[in-house]
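Working notes, structure below.
Here, each number is a calculation from the coordinates, and none is a lab measurement. Keep in mind it's a predicted model, so treat the numbers as computed, not measured. Methodologically, a virtual Cβ is constructed for each residue, glycine included, from the backbone with ideal geometry; neighbour enumeration extends over all protein chains shown.
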Amino acid sequence: MMGPQHALSGAAVWLAGSWALEQFADYHQSPLALAVGTAVCAGGALFPDLDMSGKVTKNQGGATVARTFGVFSLFAAEVMEKISLGVYYATKLSRDPRRNNGHRTLTHTLPFTVLVGWGTTALCAAYGKWAVITILFFMFGLALRGLFDEWAERAGWVIITLASAGAAWFTFANLPGGRGYPLIGTALGVGCFVHILGDMITRAGVPILWPIPIKRRMWMMIGLPNKIALRVGSKAEVVGMRIALTVISALATLGLIAPSVLSRFDIEI
Ligand SMILES: [Zn+2]
């Protein structure tokens, strides 16, 4: 699945989930908390592809997300890819093939998803304000890059960096103190999970079962059979998925906003 669809699926899942929680569990979120959760989930849905490095020294290549903050994120992607490859070799069994690139390994597993969600929550709890603002800054950057890909391409990484910093600061200044911390970790973890699911339906291959060994393989790639899997970049993926995900997001947003608008209307009458 390509970047924009990943980001959009993160946003759609978060909005639909929030709607369901409000409907069936009576769990309300403020509009700001909702917007932050959606942005973080959209950004988180791009996060696993930060294992796709390019050429840092030449400032080339890499996944679109790896270029969000220019050469800095390209460098981070390089580190992530090497760590992933290291973990691959450290845990590989006899029937796992040799690889020379760590893409679609460690960052596309469930333990990584849980670690990211838990780690984010722990960081926010331990370092408070500065951890929150830093994480929001990175996630907003990824979300902008993914959701507004054409604009982001034209604007370039400096503008994206400035916009993310501004949004992070605004959010921090307006988000009520105690709340919002567990929300950020959850949204990021859910985003990573949605990414993995997205990769599973578009082409054969994410090591979703790692670290469970199967037939002397630790890194069994699992996905839909090629016949029914969506082809990456195909029309069905790009247009179909975008429309479907946008409709889901819009309906959920409407469902979340409509009751409060209606009740306000009633009060005025
Ligand atoms: Zn991926």
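Please give the FRET efficiency for Val71 paired with Asn100, using the beta carbon to beta carbon distance and R0 = 30 Å, rounded to the nearest 0.05.
Details: r = 23 Å, r/R0 = 0.76.
Once rounded, the FRET efficiency stands at 0.85.
The chain: D in µm²/s via Stokes-Einstein (Kirkwood Rh, Cα pairs, 4 °C, 1.567 mPa s)? Working shown, then result.
Working: Rh = 19.3 Å.
D = 67 µm²/s.
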Give the relative contact order (percent, whole number) for segment 2-263; include only Cα pairs under 8 Å separated by 6+ residues.
29 percent
Using alpha carbons only, how many degrees (0 to 90, rounded to 10) separate the axis of helix 70-91 from the longest principal axis of the chain?
50 degrees
Val238, Val261 arranged by Cβ crowding within 10 Å, fewest neighbours leading
Val261, Val238
Extension reserve of the Asp26-Ile212 stretch, reckoned as 0.36 nm per residue once the Cα distance is removed:
63.2 nm
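Between Ile243 and Thr134, what is 0.36 nm times their sequence separation minus the Cα-Cα distance? Round to one decimal in nm. If you can, show how the numbers build up before the last one.
On the way: separation 109, 0.36 × 109 = 39.24 nm, distance 3.19 nm.
Gain in length upon complete extension: 36.0 nm.
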Could you check the spin-label model distance between Ile83 and Leu115? Points 7 Å from the Cα along Cα→Cβ, value in nm.
0.7 nm
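Based on other C-beta atoms within 10 Å, arrange Leu136, Leu262 from fewest to most. Write out the running numbers ahead of the final one.
On the way: Leu136 26, Leu262 10.
By the 10 Å Cβ count, ascending, the order reads Leu262, Leu136.
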Ranked by Cβ crowding within 10 angstrom, fewest neighbours first, how are His28, His6, His108, His103 ordered?
His28, His103, His108, His6
Rounded to 0.05, the calculated FRET efficiency for the beta carbons of Leu254 and Ile201 at R₀ = 25 Å is 0.45
Ser263 paired with Glu150, simple spin-label distance in nm, labels 7 Å along Cα-to-beta-carbon:
3.9 nm
